[in-house]
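One structure is given below, encoded as structure tokens.
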Amino acid sequence: MHLALPRKWRPRVFEDLIGQEAVARTLSNAIAENRVASAYLLTGPRGVGKTSTARMLARALNCDRGPTVRPCGECASCREILERGESLDVHEMDAASNRKIENARELIETVRYAPQRDRFRIAIIDEVHMLTTEAFNALLKTLEEPPPYARFILASTELHKIPATIVSRCQRFAFRALNVKEIAGHLERVARAEKIDATPRAVRLLAEAAEGSLRDALSLLDQAATLAGGAVDEARCAEILALIDRPLLEATISAVAAGDRAAAVAALSRLTEGGADPRHVLKELIGLLRRLLVIAAGATSDAADEEGERLTNLARAMPYENLLRALSLGLDAQIQAPRVEDPELILQMLILKLAELPRLRDIEDALSGAAPPAPPRPPVGPTRGSGAGPRIVSLVSVEPEMDESIPSPRPAGVDPITRFQDVLDSKRRVTAAQVGLAESIRVEGDELVLHFGIDRAAPKEALEEPAAKKLLAEAAREAFGRPLRVVLKTGPPADGDLGKAASEVPRATIARERASSRAESDPMVRSAMELFRGELTEVKEEE
Ligand SMILES: [Zn+2]
């Protein structure tokens with residue numbers, strides 16, 4: 001039976017870890033010298049061996065003949081973990097897909113009990129940064145006074161989102177992203193062992209497409225070999241990687257550049273109708289925007305002549321600032337896509353927003369000072385009873401109606417809504433980032449109203465969790481100097497014009513979302529965000 005390559009080639013001993021020699025050595029030494037910590041934290045990009053290492057570590061700790069660097073692979077504990085990733089005393093949980101507080105707490109509580117059969121009770125928590133505040137608190141409590149047989153192996157792609165109190169109690173191992181050469185080298189070894197006839201150029205193509213993830217690279221090789229019937233050449237690989245129709249993707253961008261909503265949406269539906277995964281389309285779209293941006297920035301295209309010419313024309317069709325905005329909106333959509341049920345909706349919303357960017361030019365010109373009267377500013381101040389319904393506007397600063405009897409804790413010059421976000425940020429960065437995704441934040445009487453666009457259901461839902469709401473109320477009290485009821489609203493703008501919303505939002509949104517995007521560990525996202533920092537400073541100075 002065909003066993004998928006990523007699974008078959010999952011590292012089983014520390015020496016098998018590709019490109020993580022430092023981690024492998026330190027871990028092996030610690031186990032060999034019987035210096036076993038009560039909690040381990042494995043951090044680094046996706047697809048480089050964190051979960052495999054967590055399972056290896058669990059086997060090393062619980063092997064009948066252990067703790068040992070070389071678990072036997074035959075005892076009940078070893079076999080169960082090898083087969084299922086779990087055992088009677090090893091429990092694995094993916095916090096990204098299992099966010100319910102009861103589950104996390106249950107798992108953390110379970111580990112407090114004595115093991116049923118093996119040496120330790122071990123909890124493996126993947127994507128641990130996704131835990132709720134309560135779950136983190138339960139974890140912290142256990143880590144502060146760990147029962148002698150409890151062990152935690154935590155893994156995360158986003159170290160900065162884990163509370164420092166947790167990080168400081170863990171022995172940390174930093175995994176690194178692999179370069180194309182390392183991935184290609186490994187693919188060649190696997191291809192030889194699997195009798196897959198792959199040309200060096202084909203291997204390189206696959207390695208590049210994997211963007212640092214060994215797991216993705218193996219999965220691509222698997223697909224290529226299956227479809228090619230054993231002989232994998234460059235053309236076959238290009239076929240696999242181009243499951244997305246390139247001309248159609250370019251046509252989508254072209255329609256977006258022309259501000260032609262209907263054509264853009266039509267091109268997009270033809271892309272997804274073919275069965276392409278919307279997340280994959282999104283990724284390719286971002287990849288294309290990124291190339292256009294590089295070309296627009298003055299770099300010569302690395303593409304073949306004909307393609308280079310086509311891309312150059314496409315890059316010229318959009319003003320440079322709009323390319324930057326488009327990429328920013330794309331990255332935003334990419335962050336949301338894994339968290340919603342219907343990623344295609346996110347993709348559609350993105351395309352509609354992008355198609356509005358050409359109209360944004362006029363406002364830009366007006367703001368630059370060259371043109372006469374500035375456009376009307378978004379409404380400022382409480383809009384209770386305006387009758388217009390919720391409007392999507394940029395961040396609106398509102399003077400709270402201060403109660404005379406309560407002295408203001410607010411230093412002069414700081415807008416209370418900014419302060420609210422700062423306070424939140426100091427309490428819990430994830431919550432602050434989610435609030436940053438709101439289209440508007442305003443005070444209406446005794447209420448602090450956070451309005452979310454319909455494409456922002458996920459962060460809104462997360463904020464509705466009781467713990468998050470409590471945090472919001474606390475931060476509001478601190479920032480405004482009086483208790484405010486936090487109200488979360490969602491829905492399209494009153495006039496139903498999504499395009500208008502898109503044209504009004506980007507400036508503030510881009511700035512606010514820098515914080516949440518900044519730490520994306522994806523190398524592509526990172527380099528794009530680096531590009532952005534320069535641009536954003538300029539945008540700010542204009543105001
Ligand atoms: Zn064993």
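The values are calculated or read from the model by the stated rules, or taken from the named source; none is laboratory data. Bear in mind the structure is a predicted one, so any value in this text is a computation, not a measurement. Don't worry about glycine lacking a Cβ; one is built from the backbone with ideal geometry, like all the others, and counts go over all protein chains shown. Surface areas here come from the heavy atoms of the whole protein model, side chains and all, with no ligands, DNA or RNA. Shrake-Rupley method; radii C 1.70, N 1.55, O 1.52, S 1.80 Å.
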Worksheet item: Per residue, how much accessible area does segment 193-242 show when a 1.4 Å probe rolls over the protein heavy atoms, in square angstrom?
Response: 48 Å²
Worksheet item: What percent do you get for the relative contact order of segment 152-260 when only Cα pairs under 8 Å and 6+ apart count?
Response: 23 percent
Worksheet item: Using alpha-carbon positions, what is the distance between the centroids of segment 61-86 and segment 334-362, in Å?
Response: 47 Å
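Which entries of Lys8/Lys181; Lys8/Lys161; Lys141/Lys460; Lys283/Lys489 show an alpha-carbon separation above 26 angstrom in the structure shown?
Values: Lys8/Lys181 22 Å; Lys8/Lys161 32 Å; Lys141/Lys460 28 Å; Lys283/Lys489 29 Å.
Pairs exceeding the cut-off: Lys8/Lys161; Lys141/Lys460; Lys283/Lys489.
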Worksheet entry | Set of segment 163-188 residues, backbone N closer than 16 Å to the point 7 Å along the Cα-Cβ line of Glu144 | 163-170
Worksheet item: With every protein chain in place, what's the accessible area of Arg172 (1.4 Å probe, Å², nearest 10)?
Response: 110 Å²
Fill in: Most to least packed among 17-24, 175-182 [average Cβ atoms within 10 Å]
17-24, 175-182
Worksheet, complete the sentence: So Glu83 and Glu158, fully extended at 0.36 nm per residue minus their Cα-Cα distance, gain in nm 24.2 nm
Worksheet item: Calculated FRET efficiency, Arg192 and Glu307, Cβ-Cβ r, R0 30 Å, to nearest 0.05?
Response: 0.40
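Calculate the FRET efficiency for Ala76 and Ala96 from the Cβ-Cβ distance with a Förster distance of 25 Å, rounded to the nearest 0.05. The partial results should precede the final answer.
Numbers: r = 29 Å, r/R0 = 1.18.
In this case the efficiency is close to 0.25.
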Item to complete: Report Lys489's accessible area, 1.4 Å probe, all protein chains in place, as a number in Å² to the nearest 10.
Response: 80 Å²
Worksheet item: Could you give the alpha-carbon Rg of segment 19-163 over 2.2 N^0.38 Å, rounded to two decimals?
Response: 0.98
Fill in: Using distinct alpha-carbon pairs, which all enter the 1/r mean, Kirkwood radius of segment 110-191 in Å
14.9 Å
Worksheet item: What per residue convex hull volume, in Å³, do the alpha-carbon atoms of segment 1-74 yield?
Response: 95 Å³
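Leaving ligands and nucleic acids out of the surface, order Asp89, Asp245 by accessible area at 1.4 Å, largest first. Mind dumping the intermediate values first?
Working: Asp89 0, Asp245 70 Å².
Correct descending sequence by accessible area is Asp245, Asp89.
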Worksheet, complete the sentence: So the carbon and sulfur contribution to the accessible area of segment 1-87, 1.4 Å probe, in percent, is 47 percent
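Using the heavy atoms of the protein chains alone and a 1.4 angstrom probe, what is the accessible area of segment 47-111 per residue in square angstrom?
Numbers: 2770 Å² over 65 residues.
Heavy-atom accessible area per residue stands at 43 Å².
Give me the accessible area per residue for segment 248-291, probe 1.4 Å, as a whole number in Å². Before the final figure, lay out the partial values.
Working: 1750 Å² over 44 residues.
Each residue of segment 248-291 exposes 40 Å² on average to a 1.4 Å probe.
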Discussion item. Along the charge dipole of segment 1-150, pointing to its positive end and built from +1/-1 on Cβ of Lys, Arg, Asp and Glu, which listed residue (Ser87, Ile18, Thr51) has its Cα farthest out?
Written reply: Ile18
Worksheet item: Quick one: if the Förster radius is 35 Å, what FRET efficiency do Tyr113 and Glu464 give, using the C-beta to C-beta distance and rounding to 0.05?
Response: 0.60
Item to complete: Please check which bits of segment 432-463 a label hung off Arg482 would reach, taking the label as a point 7 Å along Cα-to-C-beta and the cut-off as backbone N under 13 Å.
Response: 443-448
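Suppose accessible area is computed on protein heavy atoms with a 1.4 Å probe; arrange Glu444, Glu478, Glu344 from highest to lowest.
Values: Glu444 40, Glu478 85, Glu344 65 Å².
The most accessible residue leads, giving Glu478, Glu344, Glu444.
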Worksheet item: Can you give the convex hull volume per residue for the Cα atoms of segment 105-257, as a whole number of Å³?
Response: 196 Å³
